[in-house]
Amino acid sequence: MSGRVTEIEIGKETGHYGPRQPVMTPKRESVLLNLSWRAFTVWYRDIKVWTKFYKASILGNLGEPLLYLLAMGWGLGRMVGTVDGIPYIEFLAPGLICSASMYAATFECTFGSFTRMTRQNTFDAILATPVSLEDIVAGEILWGATKGFLSGTAMLLVMSLFGLVKSYWAVLTLGLAFLIGLLFASLSMIVTARAAAYDFFSYYFTLAIAPMFLFSGIFFPVTNLPDWAQTFAWFLPLTHGVNISRALFSGDLSLKLLVDLMWLVVFFSVLFVIALRGIRKRMVL
Amino acid sequence: MSTVLSASELTKRFGSFTAVDGISFKVDKGECFGFLGPNGAGKTTTMRMITNHLPVTEGSLSVLGMQVMANARKVKARIGVVPQENNLDTDLKVLDNLLIYSRYHGIPKKEARHRAMELLEFFQLADHAKSPIPQLSGGMQRRLLIARALINEPELLILDEPTTGLDPQARHVIWQKLRQLQSQGVTLILTTHYMDEAQQLCDRLVILDHGHILIEGSPSDLIRKHAGSEVIEIRLREDEDKESCLDAIGGVIPEGTEVECSADTLYLYSSDVSSVLANLTAESDRTVLHRKATLEDVFLRFTGRDLRE
């Protein structure tokens, strides 16, 4: 039997038609083999659509983290004074670049991708061409990461206007924003693969994204937390992004950051493969 | 004549439900091949296996000489797909729908624009190149779907219910375009549950029900073989059944006449209708209809008259 057919798993529930029957050859080939340059055509499609609404989109992505920066930085900052020897608003800024990227990629690959996959049947239309399902998912993730990058860029520009950027190393936060975007776009695609309806995403935002936003060291040093909570924070990808970003903003770099970087890269790679498999399992019955 | 598609013992199961149950058929180059069947017969599932959207459970399916799925990219590069559900990209305008689609096919930009303009012209959509999709009528959207499926100049065009939900004018335009494409050498495979559509377009068709092929042939052959040339419909009165109606009309039904009864109508299929008519003692208040046999008679005889949901 042909290659792709062998990917059906034994005994897995399809969700619609009851338990699956065993298939003759339960060999499984890697979803990565179905990837190609065509992922960029899907990415291009999303960019093309975005350019029509980019003003509203940038404003939307920029708005919230900027409000946090101003409200917390000015309002709370007056009470807090300095953290680790720097004014509170400067402490806050690097983390908010990370969260801006996280939110942009997450919105894109939950609500955006879900709409294209289900309501608009865009995935189905693209699947009728030589583009594979893996190309589509990779293109969507790439686009989610691009939006993360764009949000990060907008934030960095505004922050430098406010004089919050003290080191040229801070330019590298743009690359970091892209990596964080890749990671959260992948994580979101995994959620999207399992989502039955839009409501499902509110769980994800409340249970995963909100804790990430609050406990990854954006607003206060993770070391303020009790030990068990610090361990928990270590497992939050955003914590590592914030570590790197803060170091880049201050120019105070150390080799320890490589661990954070590796953490992000490895975690992204794993999530990416799970995302490819998840969407395939949902779309190909 | 060369074979464009051949399926042998093609089977698709979803869990314990068998949607397509070991069907075999061949499609020749240049012909229009139809799948006729009630809802849930397995038509769309079969189409989606041909278009590489669904993996085959058992059996073999070769399209343009290649097994599907294993050669998904190569097969998809050479076929065009018109889905049952409109999946035009509503985020893009008409022309951009074609241009972006041509990118998925890897068609160079200049060539893509040239083909897109030609297709818009052919499908009478050139004036709407810059229109947003929701502004198009149902018929225009369907034409654009077909245009999009042709952007890679496919040898084989798969159409799943190409005119469902369209008004008669829009349907005729699409039929005309499809016949034109066929005359240009494109092989067509379509599903429909419209008998007139099948009769208009298909050189050959199969009637599919519950995942099985019931019969296969050209529309005219099927009608001749399975419904005769003419049909008499006799409307039953209230509290009358098949036997009492036959008694009432006092007709002696000649040898070889097939009688079928559905809810309120008796159907007589005979090659010798005139003698049947002569034998009918006309009752002035009874509705008797004498007409030519159609594909619909064949269809209903094979798939039954029960309602499908």
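The values are calculated or read from the model by the stated rules, or taken from the named source; none is laboratory data. Just so it is clear, the structure is predicted and the values come from calculations on it, not from any experiment. Heads up, the Cβs are rebuilt from the backbone with ideal geometry, glycines too, and the neighbour counts pull from every protein chain shown.
Observations, loosely collected:
- Matching entry among B:Ile234, B:Ile249 (being more than 30 Å from B:Leu190 (Cβ to Cβ) and at pLDDT below 75): B:Ile249
- Of note, B:Val75 satisfies the criterion of being assigned by TED's automatic domain parsing to the domain that holds B:His114 and under 19 Å from B:Ile189 (Cα atoms).
- Members of region B:70-85 found to be more than 7 Å from chain A (Cβ to nearest Cβ), among the hydrophobic types (A, V, I, L, M, F, W, C) and touching a residue at least 24 places away in the same chain (Cβ under 8 Å), listed by number: B:Ile79, B:Val82
- Residues that are in contact (Cβ under 8 Å) with a residue 24 or more places away in the chain, more than 19 Å from A:Ala93 (Cα to Cα) and not in a helix (DSSP H, G or I), drawn from region A:237-285: A:Val284, A:Leu285
- Unmet criterion (only one of (1) touching a Leu at 6+ places or on another chain (Cβ under 7 Å); (2) at pLDDT below 95) for B:Ala116: (2)
- Any hit, region A:157-175, residues being in a helix (DSSP H, G or I) and within 17 Å of A:Phe213 (Cα to Cα): no
- In region B:34-57, the residues that are at the interface with chain A (Cβ under 8 Å from one of its Cβ atoms) and either hydrophobic (A, V, I, L, M, F, W, C) or assigned to a strand (DSSP E or B) (or both): B:Leu54, B:Val56
Yes/no matrix, rows are residues, columns are (1) buried (at least 21 other Cβ atoms within 10 Å of the Cβ); (2) among the polar types (S, T, N, Q); (3) closer than 22 Å to A:Asn243 by Cα:
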residue	(1), (2), (3)
A:Leu127	yes, no, no
A:Val137	yes, no, no
A:Trp143	yes, no, no
A:Lys147	yes, no, yes
A:Gly152	yes, no, yes
A:Leu156	yes, no, yes
A:Leu161	no, no, no
A:Lys166	no, no, yes
A:Leu172	no, no, yes
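- Qualifying residue in region A:133-156 (condition: farther than 22 Å from A:Leu276 by Cα, free of Cβ contacts under 8 Å to residues at least 60 places away in the same chain and not in a helix (DSSP H, G or I)): no
- The residue pairs whose first member lies in region B:269-298 and is modelled with pLDDT of 70 or more, whose second member is among the aromatic types (Phe, Trp, Tyr) and surrounded by 14 or more Cβ atoms within 10 Å (Cβ to Cβ), and whose beta carbons are closer than 9 Å, counting only pairs six or more residues apart or on different chains, are B:Ala293/B:Tyr269; B:Asp297/B:Tyr267; B:Asp297/B:Tyr269.
- Residue list for region B:20-33, filter: surrounded by fewer than 23 Cβ atoms within 10 Å (Cβ to Cβ) and within 14 Å of chain A (Cβ to nearest Cβ): B:Asp21
- A:Asp84 passes every criterion in (1) outside the structural domain of A:Val137 (by TED's automatic domain parsing); (2) modelled with pLDDT of 50 or more; (3) touching a Pro at 6+ places or on another chain (Cβ under 9 Å) apart from (1).
- Members of region A:118-169 that are within 14 Å of chain B (Cβ to nearest Cβ), among the β-branched types (Val, Ile, Thr) and under 22 Å from the mean Cα position of the chain (by Cα): A:Thr118, A:Thr122, A:Ile136
- Residue check, A:Phe249 modelled with pLDDT of 95 or more and in contact with a Pro (Cβ under 7 Å, 6 or more places away or on another chain): no
- Region A:40-56, residues that are within 11 Å of another protein chain (Cβ to nearest Cβ) and not in a loop (DSSP other than H, G, I, E, B): A:Phe40, A:Thr41, A:Val42, A:Trp43, A:Tyr44, A:Arg45, A:Asp46, A:Ile47, A:Lys48, A:Val49, A:Trp50
- In region B:58-69, the residues that are part of a strand (DSSP E or B) and at the interface with chain A (Cβ under 7 Å from one of its Cβ atoms): B:Gln67
- Wholly enclosed helices (runs of 4 or more DSSP H) of region B:86-176 bearing at least 1 residues facing another protein chain (nearest Cβ under 10 Å), among the hydroxyl-bearing types (Ser, Thr, Tyr) and without any contact (Cβ under 8 Å) to a residue 12 or more places away in the chain: B:94-104
- Qualifying residue in region A:99-108 (condition: part of a helix (DSSP H, G or I) and surrounded by fewer than 20 Cβ atoms within 10 Å (Cβ to Cβ)): no
- Any chance A:Ala185 is touching a residue at least 12 places away in the same chain (Cβ under 8 Å), small (Gly, Ala, Ser) and over 17 Å from A:Ser113 (Cβ atoms): no
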